[in-house]
């Protein structure tokens, strides 16, 4: 009988499947069913288009598959996946930025340089700032900012008080603002 991957399977069970060579492929299928869509949405917000998002998602999932032994359980599984997806997205964006820069001697020219705000650079800075946040702040920021989740729903999901979540979000926003201001000056 085939497994129904839509059922709610605990992260602990998924990890145990992934770390067991006999069930690794099955565990990976379950992991993809559970986390592929939220990871796709996260990556899409960072890289911008579907084709690039698919490439970055594939790289992310390959890294997860190859390095699952490195997951120590010190953070939630989604936080770990999210961090890998964020790092893969940043790597992708940096490579794309380098492709658009032409080096002529000691001078560098950006092919798509604009006199206005460079949205891609802004997205890159935001992604870098988010990647530097502690796991809890990163998780809260993304759920609130990108997923527009209410503090009450977040509180139920993360079993944390609304006040603590608001504080985490506030601290995350301040750190992101400071990081971006520092990089833009």
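Where a number appears in this text, it was derived from the coordinates with a stated rule and is not lab data. Note that the coordinates shown come from a computational prediction; the quantities given were computed from them, not determined experimentally. Backbone-built Cβ (ideal geometry, glycine too); neighbour counts: all protein chains shown.
Here is how the numbers come out for the structure above:
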{"item": "Extended-chain gain in nm, criterion 0.36 nm per residue less alpha-carbon gap, residue 147 and residue 45", "result": "35.6 nm"}
{"item": "Most to least packed among 10-19, 134-143, 55-64 [average Cβ atoms within 10 Å]", "result": "134-143, 55-64, 10-19"}
{"item": "Alpha-carbon Debye profile of the range 133-185, log10 I(q)/I(0) at 0.14, 0.27 Å⁻¹", "result": "-0.35, -1.00"}
